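Here the structure is laid out as structure tokens; the discussion comes afterwards.
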Amino acid sequence: MHRQNYSLARLSLILLLLLPLLLTGCKSDERILEKLGLVQTASYDLAENNRIKVTSCVPVIDPDSSARRELLSTVSDSIKEARIMFSRQTDLTVVSGQLRDALFGLKLAKAGLGDYIDTLLRDPSIALGVKVTIINGDAGRYINHLLEKEAAGNSIPNTTLYEFSRDYNDDGIDPVAPIVKDSGDKAVIDGIALFQEDRYRMKIPAQDGIFFGLFRDDLRQGEAALHLGEEDGRPVVVMFSSLLNSRKVKVHRLGPGRFKVELLANIQGSVLEYTGHHYLNKAGVRQQLERDIADVIMAKAKEMVSQMQQHNVDSLGIGIQIRNTLSYKEWNQMNWREVYPQVEIECKAKVTIKDYGKYM
Amino acid sequence: MPEKLRPFHIAVLMHMTQSGIVIFTLPRNLADYFGTNGWLFLVPCIVVSTFNIYLISLVFRLGQGRSVFEIMEQTIPRPVLYPFYGGLAAVWLVFGCMIGKKYVLIFQMLSFPTTNPMVFKLAVDILAFLMITKGIYSISKAATLFFWLSAWMYLLMLWFFPAFRWERLTPFILKGGHNQFKGAMEIYSAFLGYELSILLFPYVNKNKKAMAGVYAGNLYLAVLYISLAIICFGFFSLGQLKKLLYPLLDLLAYIQFPFIERLENLLYGLFLFPVLVTVVMYWWAAQESVRRMLPRIKLSVLSFLLIAISYSISFIPKTLDAVGVWITNLGYAVTGIAFGFPVLLLLLLLIQRKGGEVRA
């Protein structure tokens, strides 16, 4: 009993000696929430003379203040230098640990994003989940919520630092990112920006985003409104919802450096709206509709693929598929950028209407 | 008679000793040194470590569970052995110390960038001191508790399944690596820790099950390493994985909830448990060797002295890279000991057997 008391006393003594050390030790890393400027959205754009215009949006926590967020903006030579400049503009300590969105201007995207993505990833306080968005126009706008919703619908792929850097560093696929347009008082989704390595090359308009999504990967949720031509002068639209898609790829080797790739999208979904004049409860009508939908999808996809080949962007990851049929030596000796535009790519779609709602 | 360690506790203790700070860099090293499908290199590592454990179990069996120090001192005069003991103690002491320092430096980089890391190191060392003074049985009990506190984290691997793609693993086997000998040694150091089981002989029951615990701990570790490595190779692209210094940190940072960002700070804290056990076990091993030379010194005084020495040594390397170099070089020595020590003991045992001087 005496021994136990003794060791307890010794333990408390050690802790007592240690306490002031630990309490004062972290003084320099003390963070008081009210004094922090937690950057949630940061935007980067190319300014004159290859400098960068950086804008950061910082929420104001002070309950007495009428402003809910503060915009900080500066022109500097690097992303992180801008943060130092921000600290001079405001009484808050600007930190990037809560960054959710990184917006890049189109001009910067055309010049290449690689270095900036690297900088963001180097910072230990920035996570891989930061969303990457391209802005067609002034990159300094606040558009968090809009992006959140669109990405959930899957027609525009949600791109984070993780995905961008993953595809950028992979030799068989090119990265993509949503692109947003500044239309006066609102910001709207403009489409999907396709990159060649880290440089912006072309864009797929927002209404065609779903066709891109179907052939890039499996989808677990999506929606598409398809125009199937006209009937009695009225457009026939079918609204295909709750899309489930599984993508399959077949690679055929035609000769040295010549390939044929078949992309098969197996799509299931429900029809929520149909403006044609047939009754959907007839099996024949539905089968015809399935074929019509597939034809529209395939035509769109064909057009899209030929554009991508023209711009030499392999956003669908055809390279990965071809790489995985070759030997290491063959793949390394091949210049994929030269081969890619010549690859015969065939997009096939098989559509199944799971149900058509609760009305005939 | 103090209580003996049970096989389950041995398994957990060995597993916790083996898993440490290396897990943060392991997938990156596999990708960098061995290229495509580098995780396959873990398989020979498992075979080699299992063989090493087999050597240790031979020592256990042939020596009939006697302490390894007794085995040596029976044939070799004590003064001759002292430099050897001193060498063992020095290597183990500094190895443990550098592992602790690396953990602290990464912790500092993540959470407290300007605080003096030696303050945290002191806190970790005091924890280790308190554990060591309680003896091996209490260490193993604490290790079991720590195991349950941190083992659930491996379930977080499920989080990465949606983004996992087998295509990214590529069909190429170990292509595009470099410096493979250095790489092999660095990767093998991820398995080190089991060799300390050679010092546990006096604390276990003399039956076969004791060594089964060591095998089990090693196998469990191997399963975890392989699954983590496969996830990294299918979640990140190869080029990306090579660029990430601490892929596990990035994995943890990818886990995101709407209400909290930078979860990795929290989760990294939990890795203190396996790291602490690793440090404690290496220091305990050093203490066991020194105690053989200075049998009269009080145990708590000895622990205090050893930890004070190691704390002063840990002031020397200041940067993460410098600590990495220390760990790599000491890793060579520790690997050498892991193989050399049991082989030496087996030779001695064979000599003793021939001379017919085996004591029952």
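Which numbered condition in (1) within 22 Å of A:GLY233 (Cβ to Cβ); (2) open to solvent by 50 Å² or more (accessible area, probe 1.4 Å); (3) out of contact with any Ser or Thr (no Cβ under 9 Å at 6 or more places or on another chain) is the only one that A:GLU273 fails?
Answer for A:GLU273: the failing condition is (3).
Residues are listed down the side, and each one gets a yes or a no for (1) open to solvent by 30 Å² or more (accessible area, probe 1.4 Å); (2) out of contact with any Gly (no Cβ under 9 Å at 6 or more places or on another chain); (3) modelled with pLDDT under 95:
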{"residue": "B:THR170", "(1), (2), (3)": "no, no, yes"}
{"residue": "B:LYS208", "(1), (2), (3)": "yes, yes, yes"}
{"residue": "B:LEU245", "(1), (2), (3)": "yes, yes, yes"}
{"residue": "B:LEU248", "(1), (2), (3)": "no, yes, yes"}
{"residue": "B:GLN256", "(1), (2), (3)": "yes, no, yes"}
{"residue": "B:GLU261", "(1), (2), (3)": "no, no, yes"}
{"residue": "B:TYR268", "(1), (2), (3)": "no, yes, yes"}
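Any chance you could count how many residues in segment A:276-294 are touching a residue at least 40 places away in the same chain (Cβ under 8 Å) and either assigned to a helix (DSSP H, G or I) or open to solvent by 30 Å² or more (accessible area, probe 1.4 Å) (or both)?
10
Quick one: A:LEU254 ticks every box in (1) closer than 25 Å to A:GLY114 by Cα; (2) open to solvent by 30 Å² or more (accessible area, probe 1.4 Å); (3) at pLDDT 90 or above except a single one, so which number is it?
Only one criterion in (1) closer than 25 Å to A:GLY114 by Cα; (2) open to solvent by 30 Å² or more (accessible area, probe 1.4 Å); (3) at pLDDT 90 or above is unmet by A:LEU254, namely (1).
Only one residue in B:PHE41, B:PHE51, B:PHE34 is farther than 25 Å from B:THR144 by Cβ, open to solvent by 30 Å² or more (accessible area, probe 1.4 Å) and over 18 Å from the mean Cα position of the chain (by Cα). Which one?
So the residue among B:PHE41, B:PHE51, B:PHE34 that is farther than 25 Å from B:THR144 by Cβ, open to solvent by 30 Å² or more (accessible area, probe 1.4 Å) and over 18 Å from the mean Cα position of the chain (by Cα) is B:PHE41.
Somewhere in segment A:300-316, is a residue closer than 19 Å to A:VAL237 by Cβ, open to solvent by 30 Å² or more (accessible area, probe 1.4 Å) and more than 14 Å from chain B (Cβ to nearest Cβ)?
Yes, the conditions are met somewhere in segment A:300-316.
Quick test of your reading of the structure: A:ILE297 fulfils all but one of (1) within 14 Å of another protein chain (Cβ to nearest Cβ); (2) at negative phi; (3) surrounded by 20 or more Cβ atoms within 10 Å (Cβ to Cβ). Name the failing condition by number.
Here A:ILE297 meets the rest and fails (1).
Failed condition for B:PRO83, given (1) in contact (Cβ under 8 Å) with a residue 12 or more places away in the chain; (2) open to solvent by 20 Å² or more (accessible area, probe 1.4 Å); (3) in a helix (DSSP H, G or I), with all others met?
(1)
For A:ASP185, only one of the following conditions fails: (1) open to solvent by 50 Å² or more (accessible area, probe 1.4 Å); (2) modelled with pLDDT of 85 or more. What is its number?
Condition (2) is where A:ASP185 drops out.
Results for (1) more than 21 Å from A:PHE195 (Cβ to Cβ); (2) not aliphatic (A, V, I, L, M), shown as yes or no for each residue.
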| residue | (1), (2) |
| --- | --- |
| A:GLU290 | yes, yes |
| A:ASP295 | yes, yes |
| A:LYS302 | yes, yes |
| A:SER315 | no, yes |
| A:GLU330 | yes, yes |
| A:VAL339 | no, no |
| A:LYS348 | yes, yes |
| A:THR352 | yes, yes |
| A:LYS358 | yes, yes |
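List the helices (runs of 4 or more DSSP H) inside segment B:213-295, counting only whole elements, that have at least 1 residues being over 24 Å from B:ALA123 (Cα atoms).
B:238-243, B:247-254, B:272-293
If I filter segment A:166-176 for residues that are away from every other protein chain (no Cβ under 14 Å) and of a type in the set (Gly, Ala, Ser), do I get at least one hit?
Looking for residues that are away from every other protein chain (no Cβ under 14 Å) and of a type in the set (Gly, Ala, Ser), one finds none in segment A:166-176, hence no.
Could you tell me whether A:LEU219 is of a type in the set (A, V, I, L, M, F, W, C), within 25 Å of the chain's Cα centre (by Cα) and farther than 12 Å from A:THR275 by Cα?
It is true that A:LEU219 is of a type in the set (A, V, I, L, M, F, W, C), within 25 Å of the chain's Cα centre (by Cα) and farther than 12 Å from A:THR275 by Cα.
Given the options A:ALA127, A:ALA102, name the one that is part of a loop (DSSP other than H, G, I, E, B), open to solvent by less than 10 Å² (accessible area, probe 1.4 Å), within 14 Å of another protein chain (Cβ to nearest Cβ) and closer than 28 Å to B:PHE235 by Cβ.
On inspection, the qualifying residue turns out to be A:ALA127.
Which of the numbered conditions does A:ILE117 fail, given that it passes all the others? Conditions: (1) surrounded by fewer than 22 Cβ atoms within 10 Å (Cβ to Cβ); (2) at pLDDT below 90.
Of (1) surrounded by fewer than 22 Cβ atoms within 10 Å (Cβ to Cβ); (2) at pLDDT below 90, only one is false for A:ILE117: (2).
Find the residue count for segment B:149-170, including only residues that are within 13 Å of chain A (Cβ to nearest Cβ), touching a helix residue (DSSP H, G or I) at 6+ places or on another chain (Cβ under 7 Å) and of a type in the set (A, V, I, L, M, F, W, C).
Counting residues in segment B:149-170 that are within 13 Å of chain A (Cβ to nearest Cβ), touching a helix residue (DSSP H, G or I) at 6+ places or on another chain (Cβ under 7 Å) and of a type in the set (A, V, I, L, M, F, W, C) gives 5.
Could you tell me whether any residue of segment B:136-146 is surrounded by fewer than 20 Cβ atoms within 10 Å (Cβ to Cβ), within 14 Å of chain A (Cβ to nearest Cβ) and not acidic (Asp, Glu)?
Yes - at least one qualifying residue is present in segment B:136-146.
Evaluate the following for A:SER96: is it crowded, with 18+ Cβ neighbours inside 10 Å and within 14 Å of another protein chain (Cβ to nearest Cβ)?
Yes.
For segment B:117-130, state whether one or more residues are open to solvent by less than 20 Å² (accessible area, probe 1.4 Å), within 11 Å of chain A (Cβ to nearest Cβ) and outside any helix (DSSP H, G or I).
Within segment B:117-130, none of the residues are open to solvent by less than 20 Å² (accessible area, probe 1.4 Å), within 11 Å of chain A (Cβ to nearest Cβ) and outside any helix (DSSP H, G or I).
Modelled with pLDDT of 90 or more, in a loop (DSSP other than H, G, I, E, B) and within 14 Å of another protein chain (Cβ to nearest Cβ): is that true of B:LEU174 in this structure?
Against the criterion (modelled with pLDDT of 90 or more, in a loop (DSSP other than H, G, I, E, B) and within 14 Å of another protein chain (Cβ to nearest Cβ)), B:LEU174 qualifies.
Of the residues B:ILE337, B:ILE327, B:ILE309, only one is of a type in the set (Val, Ile, Thr), in a helix (DSSP H, G or I), within 19 Å of B:GLU288 (Cβ to Cβ) and open to solvent by less than 60 Å² (accessible area, probe 1.4 Å); which?
When all the criteria are applied, what remains is B:ILE337.
Going through A:LEU99, A:LEU71 one at a time, which residue ends up being touching a residue at least 12 places away in the same chain (Cβ under 8 Å) and within 22 Å of the chain's Cα centre (by Cα)?
It is A:LEU99.
Determine whether A:LYS260 is more than 23 Å from the chain's Cα centre (by Cα) and closer than 30 Å to B:SER237 by Cα.
yes
The values are calculated or read from the model by the stated rules, or taken from the named source; none is laboratory data. These numbers were taken from a predicted model, which means no experiment stands behind them. A quick note on method: Cβ atoms are made from the backbone with ideal geometry, for glycine too, and the neighbour counts reach across all protein chains shown. The protein model used for the area step is the full one, side chains on, heavy atoms only, and it has no ligands, DNA or RNA in it. Shrake-Rupley method; radii C 1.70, N 1.55, O 1.52, S 1.80 Å.
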